[in-house]
Amino acid sequence: TERRGRVQLPYMTLTCTTTVLHIYLPSLAVLLFILAILLATLEYDVPVTLSNNGDDDAATSNRRHANAQPPAINGTGKSYTKTQKAWIPRKESLISFCIGMSVMYAALRIGSSPRNASTTSATFDASSSHTIPSYQYKRFQGLGFQIFTGGAPAFVTTTSSLDGTNTTKRNPECLRNVKSYGHMEGDIQCYLGLKDNGQDVQRRLDIMRSAVDRAYELASDDPTTLKIFIAPEFFWRGRNGAYAFESDAEEQANGAGSCGTVCQILQGLESIVEEERFDDWLFLFGTVIASDTLPTEDPFDYLFYNFAPLYKGGPASIKGGKRFLVPKRLVSNMDFLTPRRSFNESMTVELTDKGVPVQEGEVSTVLNPYEWNHNNYDNDMWAEYKHELHSIGYEMIEYGWFLLDRITFSVEICVDHDARRALTTYLANAASWSETLIPSGGGSVSEGVEFVKIPNHQAQISLVSSAGMSVNIDSLALADNGSILLQDGLEDTPSRFSWISKRKHLVEYEGGSEVVKRRSVLTPTDVFFEYKLNEEYESYPVFKQEGEWKEKLDGVFTKEKYEPILTVYQPSDITHADGA
């Protein structure tokens, strides 16, 4: 409850104040009008100067009152004063009347400001400084690419159809590369991938292109609907657990124009999204796991990177402002396997039926940074190469926020979502006078990108690519009626939710693909959020021919889990700050 309260802090105070003023200002204006009338009609005791010489009577003295001077005492007669009831206009009544008119005007202005029809709904934009005049997209459609991106199981269990007995055997997928074994929390797995990184990348690009083509067949063709395609974390990693960046020596040997593994991935994805048919598409292509060997005596000293390529589709994507890289910040316990070189020989025999130990120099599988308290990815490199990335048309989304076609997005990778990266950035930015700059592309920016302040309202759409994560309501940074789209690479069950506490409006979610909308509720007696799971979707196989998927995945993704599918949601409205 405390954390949910903090979620609304940047705009809750202003909303509460506006509601109170909207209710009480008219009453205050009426009271001021009544006070003005009373002040204007009250009788007051006024001084009247009288003379004893008979020349002045009371009426004359009253007429003179406006220019009366202190009574004089002279030898011809005596003057004196007395009080008399009279109606005299007072400046206090005029002031009260003017204040009442001002208050009534303010009440009418507040009453006519854009609000939800229901007094229980909270407006999510606490400032009019970010008014958006028009939107290209009125709706969005989520398309989740569900494929297992975890390690392949070292052992598989089959059940006999005759007597129901179980038989456990070594997974032949792992035996192709005996150097790729590792464990994750006691579960023995292996990385899959082709020996040649170039061929490995091409196979994965073919699978991704098949998923995108299938999504295009199933998606809405409405140009005012933004299609959002999301793939899971770890889609791009290779047989060693991470693709290695070229060393300086390799770059020199291959020539200045050489394109390494990561370069091949980005160029391949660019060729997919640049087609004209994807003008109204946004792609989050899972994540790339990469490593860089440090020039030290320790052969296992690496820098680690985990980042997601994100693109706005169409031919205009080549002009800049439509290509982004989203670095993951935190290393989780599920990101890497602890490699087999830390196993004893008996474990090697059990896994591979071979008693010949693997020499350290033969092992290229990366270490598990989490096991070595390497809790953050080495994102300093992105800061160093930011300008170089800009020169080739890419921008870094450093803070988990960006604008595209005037829509405010947040984007997170797996555990960063659970750690509330987007929400914390929003709150910290509000606390530091809102000076954080984020990239903005499309919309008024015809070419290139501009950097703007994080809007006062929260995200209209949030994106999460993960492997082992579900939507966490405590981590949401959504505007009123905003939605979060999550695609996981481990779980394949249909999305569902369960109540933690109905009284406190607490729920938890699980499933492979999840889309959740949040609505804010503000009443004089309570403040809370309501959540709605989008259950209007259909699931389709990525590959139409029976058994085709096993052929396509062979060698790069395990076939022992589940068939790749596409989860296609019905289009939903995009919440807008100005009600457009």
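The values are calculated or read from the model by the stated rules, or taken from the named source; none is laboratory data. Note that the structure is a prediction, hence the values are computed from the model and not measured. Neighbour counts run over all protein chains shown; Cβ positions are idealised from the backbone, glycine included. Note: accessible area is taken over every heavy atom of the protein model, side chains too, but ligands, DNA and RNA are not part of it. Shrake-Rupley method; radii C 1.70, N 1.55, O 1.52, S 1.80 Å.
Descriptive notes on the structure:
- Net dipole in debye of segment 483-528 [+1 Lys, Arg Cβ; -1 Asp, Glu Cβ; about Cα centre; nearest 20]: 420
- ARG139 paired with ASP163, simple spin-label distance in nm, labels 7 Å along Cα-to-beta-carbon: 5.7
- Here the 3J(HN,Hα) profile of segment 507-522, calculated from phi with Karplus coefficients 6.51, -1.76 and 1.60 at θ = phi - 60°, is 9, 10, 10, 7, x, x, 10, 9, 10, 10, 10, 10, 10, 8, 10, 10 Hz, Gly and Pro shown as x.
- Here the calculated FRET efficiency for ARG170 and THR525, from their Cβ-Cβ distance with R0 = 56 Å, stands at 0.35, rounded to the nearest 0.05.
- Length gained when the stretch LYS195-SER271 is fully extended (0.36 nm per residue, less Cα-Cα span): 24.9 nm
- Amide H to amide H, with H built 1.01 Å from N, GLY151 comes under 5 Å of no residue 5 or more places away or on another chain.
- In order through segment 538-554: 3J(HN,Hα) via Karplus (6.51 cos²θ - 1.76 cosθ + 1.60), integer Hz, x for Gly, Pro: 10, 10, 9, x, 5, 9, 6, 6, 5, x, 4, 4, 5, 5, 5, 7, 4
- Relative to one another, the C-alpha centroids of segment 485-545 and segment 275-295 are positioned 26 Å apart.
- Long-range HN-HN contacts of GLY448 with modeled amide H, under 5 Å: GLY320, GLY321
- Spacing of the two label points (7 Å from each Cα toward its C-beta) at ASP213 and ASN373, in nm: 5.1
- Carbon/sulfur fraction of accessible area - segment 406-478, other protein chains in place, 1.4 Å, %: 51
- Remark: spin-label model distance ASP573-GLU535 equals 2.2 nm, labels positioned 7 Å along the Cα→Cβ axis.
- Label zone at HIS390 (point 7 Å along Cα-to-Cβ), backbone N below 16 Å, segment 453-489: 453
- Under the combined filter of DSSP loop state and at most 11 neighbouring Cβ atoms within 10 Å, segment 400-507 retains these GluC sites (Glu not before Pro): GLU435.
- Entries in LYS227/LYS328; LYS532/LYS552; LYS179/LYS322; LYS312/LYS544; LYS386/LYS550 that, when Cα-Cα distance is taken, lie over 32 Å: LYS532/LYS552; LYS179/LYS322; LYS386/LYS550
- Accessible area in the full protein assembly, largest first, 1.4 Å probe, for HIS576, HIS183: HIS183, HIS576
- Leading residue at positive end of dipole, segment 419-574 (Cβ point charges), from MET469, LEU427, PRO564: LEU427
- Using the Karplus relation 6.51 cos²θ - 1.76 cosθ + 1.60 with θ = phi - 60°, the per-residue 3J(HN,Hα) values for segment 200-209 come to 4, 4, 5, 5, 5, 4, 4, 5, 5, 5 Hz, with x marking Gly and Pro.
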